[in-house]
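The values are calculated or read from the model by the stated rules, or taken from the named source; none is laboratory data. Remember, predicted model here, so these are calculated numbers, not experimental data. Reconstructed Cβ throughout: ideal geometry from the backbone, glycine too, with neighbour counts over all protein chains shown.
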Amino acid sequence: MNQRLTFSTALLLTLPPLMWAGNAVVGRIVAPLVPPLTLNFLRWAIAFVLLLPFAWRLLGAASPVWDRIGRYTVLGLLGVGCYNALQYLALKTSTPINVTLVAASIPAFMLGLGAAFFGQRITLRQVVGAALSISGVLVVLSRGELSHLAEVRLVPGDLYILLATASWALYSWLLTRPGDPPEVRSDWAGFLMAQLVPGLAWSGLFAAAETVVTTQSITWGLPLVLALAFVATGPAILAYRCWGAGVQRVGPNVAGFFSNLTPLFAAVFSAAFLGEPPHLYHGLAFLLIVGGIVVSSRR
């Protein structure tokens with residue numbers, strides 16, 4: 001049963017968007033140092049090593065994970081192999097504020113996918129909410145020039161983050177489908193590890209293909225090492241754990257509003273570390289996206 005929102009729960013749910021915003025800014029900072037798909041692979045390889053002491057039993061031959069390996073292969077492809085890889089690709093040409101604002105429209109993508117493929121009934125309130133959120137995304141993609149939307153030229157990063165958002169929305173819907181062994185679903189580290197093993201294979205395959213088509217090489221040094229340590233421990237593991245604990249306390253509807261703190265944190269970090277201050281249209285987009293989620297989630 002969902003509990004009342006307390007200060008400790010609010011703190012649990014605030015830490016993940018703080019780290020997700022940091023992930024976007026760090027991804028932008030290290031873009032010249034490491035190819036994006038390679039960055040994604042290194043991130044999850046480190047996370048695998050860190051999770052191993054907590055979930056090594058799931059890798060044994062008798063593990064129930066292998067009976068459902070098809071499911072975890074798909075989840076690993078979408079959540080580990082695609083989402084963050086596409087986000088890091090987006091950050092090569094787009095800003096952390098743009099990336100996190102478009103990603104904040106995930107509920108609208110989930111609504112459309114739910115209606116199209118998962119038998120989800122759509123209410124008028126949800127349609128209005130989705131329209132508001134999509135309007136916020138259009139404000140970001142047009143850089144505030146809605147009158148020139150037909151003429152806007154999207155940078156590759158805008159398209160990558162749209163694909164990433166759709167990938168995460170599909171991943172989220174597949175999480176709701178039954179089929180996880182109880183001993184896996186009830187263990188946060190085990191559940192992440194079940195997805196990480198095939199996801200690491202996917203991300204490794206994508207990174208290998210990247211080395212064939214790109215001339216960028218890895219520039220090792222303290223900045224990259226620190227960045228890898230952060231993205232592997234904070235956004236990948238700690239944020240996942242805090243978010244899961246917070247959702248268990250208050251439910252996904254309340255927790256979902258906290259995810260929209262990510263663009264605000266990204267704006268602060270971008271101004272502080274990248275010299276990319278937010279613009280007025282970013283604030284308008286944020287209000288539209290959050291307003292759409294509030295409208296669609298009210299009962």
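Below, the figures for the structure above:
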read-out	value
Failed item, numbered, when Ile122 is tested on (1) among the β-branched types (Val, Ile, Thr); (2) part of a helix (DSSP H, G or I); (3) over 22 Å from Pro263 (Cβ atoms)	(2)
Residue that is farthest from Val290 (Cα to Cα), among those in segment 144-170 that are modelled with pLDDT of 70 or more and not in a helix (DSSP H, G or I)	Val155
Residue check for Ala85: of a type in the set (Gly, Ala, Ser), closer than 18 Å to Val231 by Cα and in contact with a Ser or Thr (Cβ under 7 Å, 6 or more places away or on another chain)	yes
Near pairs, Cβ below 6 angstrom, 6+ apart or cross-chain, from segment 192-219 (in contact (Cβ under 8 Å) with a residue 12 or more places away in the chain) to any residue that is not in a helix (DSSP H, G or I)	Glu210/Pro35; Thr214/Pro35; Gln216/Pro35; Ile218/Val34; Thr219/Leu33
Top-ranked residue in segment 171-183 [being assigned to a helix (DSSP H, G or I) and either of a type in the set (Gly, Ala, Ser) or surrounded by 19 or more Cβ atoms within 10 Å (Cβ to Cβ) (or both); ranked as modelled with the highest pLDDT]	Tyr171
Selected residue (only one of Leu226, Leu288, Leu238, Leu280 is farther than 25 Å from Leu15 by Cβ and surrounded by fewer than 18 Cβ atoms within 10 Å (Cβ to Cβ))	Leu280
Given (1) touching a Cys at 6+ places or on another chain (Cβ under 9 Å); (2) outside any helix (DSSP H, G or I), number of the condition Leu33 does not satisfy	(1)
Considering residues of segment 4-52 that are aromatic (Phe, Trp, Tyr) and within 29 Å of Gln216 (Cβ to Cβ) only, the residue modelled with the lowest pLDDT	Trp20
Residues within segment 73-128 that are closer than 14 Å to Val26 by Cα and buried (at least 21 other Cβ atoms within 10 Å of the Cβ), tallied	13
Residue match in segment 37-44 (condition: part of a helix (DSSP H, G or I), touching a residue at least 12 places away in the same chain (Cβ under 8 Å) and more than 30 Å from Val212 (Cα to Cα))	no
Any hit, segment 243-251, residues being closer than 30 Å to Val74 by Cα, modelled with pLDDT under 80 and not in a helix (DSSP H, G or I)	yes
